[in-house]
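Coordinate-derived values only; no laboratory data. Predicted model only: the values in this text are computed from it and were never measured. Cβ placement follows ideal geometry from the backbone for every residue including glycine, while neighbour counts extend to all protein chains displayed.
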Amino acid sequence: MKKTTKGVIATGAAIVLLLGGAGTLAYWNDSADLGESSTITAGTLTVVADGTPTWTIAHTSGAATAVADISAVRLVPGDVLTYTMPASITAQGQNLRFQVGLAGGAVAAAGGDAEDTALAGRLTESAVFAVAGATPVGTGGDTFEHKSNTSSAYATTITATITWPFGAAGSPAADNPAKTGAVDLSGFALTVTQVDGSIAVP
């Protein structure tokens, strides 16, 4: 009888210790698979050149003429170069908004000479750019939306206009240093960049 009582007391002490030990009591638990046989897929945003780029040159408000070899052109203040490239922009995404622009370094100094840097500066600050074939959002002309889960390819024409201002502020002090300068257009490239689709576009 005494042995049995000791056993019961010992067992009771063990239970108390079990209840009091943090994280040692295993409650009943269960789980249920509530998922479905489905996947989540990302959209896309790409741009691909569809043809050969062309260049034209005009002087101030004069008529534009075709440029056969852009590397043979010798610019003077007042010249306007226009670069045209057919491109296909593919977009897919329920909340996709993107901007189109020229890549950084699109017009870069060809070397380390001061005249190269001066010419690049004059041309870069005047570069403007337009896209035909997609409907822009807002007034800037460079922001577009494709808020759809269906993929669409936009056949666009990309136009970049580079102007060497004639008689602009700072000329001739800013223009004389650019004589005989050269710029490198090997980085002349188009970019499409996603932007926040929830912000109002001015």
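How would you rank 62-73, 157-168, highest first, on the average number of other Cβ atoms within 10 Å across their residues? Can you show the working numbers first?
Working: 62-73: 10.2, 157-168: 17.6.
Packing order, densest peptide first, comes out as 157-168, 62-73.
So how much slack lies between Ala174 and Val195, counting 0.36 nm per residue of separation and subtracting their Cα-Cα distance, in nm? Each step should come with its number before you reach the end.
Values: separation 21, 0.36 × 21 = 7.56 nm, distance 3.51 nm.
Taking Ala174 through Val195 to full extension adds about 4.0 nm, to one decimal.
If you average the C-alpha positions of the stretch 61-130 and of the stretch 158-202 separately, how far apart do those two centres end up, in angstrom?
For the stretch 61-130 versus the stretch 158-202, the Cα centre distance is 6 Å.
Can you compute the FRET efficiency between Thr60 and Ala32 using 1/(1 + (r/R0)^6), with r the Cβ-Cβ distance and R0 = 45 Å? Round to the nearest 0.05. Working shown, then result.
Working: r = 75 Å, r/R0 = 1.67.
Plugging the Cβ-Cβ distance into 1/(1 + (r/R0)^6) gives 0.05.
Name all residues of the stretch 63-95 having a backbone nitrogen under 20 Å from the label point set 7 Å from the Cα of Ile40 along its Cα→Cβ direction, giving them as ranges.
Residues 92-95 qualify, since their backbone N sits under 20 Å from the label point.
Label points 7 Å out from Cα along the Cβ direction at Tyr154 and Thr139: separation in nm?
2.0 nm
Mean residue ellipticity at 222 nm from the helices of the chain, using -39,500 (n - 2.57) per DSSP H segment of n ≥ 4 over the full residue count, to the nearest 500 deg cm²/dmol?
Working: 2 runs with 30 residues, N = 202.
Theoretical 222 nm ellipticity from helices: -5000 deg cm²/dmol.
Could you calculate the contour length gain from Ala103 to Ser88, that is, 0.36 nm times the residue separation minus the distance between their Cα atoms, to one decimal place in nm? All intermediate terms of the calculation are to be shown ahead of the outcome.
Details: separation 15, 0.36 × 15 = 5.40 nm, distance 1.67 nm.
Stretched fully, the Ala103-Ser88 segment lengthens by 3.7 nm.
Which angle between 0 and 90 degrees, to the nearest 10, do you get for helix 114-124 versus the longest principal axis of the chain when only C-alpha atoms count?
Once rounded, one gets 70 degrees.
Please rank Tyr83, Tyr27, fewest neighbouring Cβ atoms within 10 Å first, as an exposure proxy. List each step's numbers first, then the result.
Values: Tyr83 21, Tyr27 4.
If I rank by nearby Cβ atoms, fewest first, I get Tyr27, Tyr83.
Among [x] 13.7; [y] 23.6; [z] 14.8, which one is mean projected area of the Cα convex hull in nm² computed from these coordinates?
Checking each listed value against the structure points to [y].
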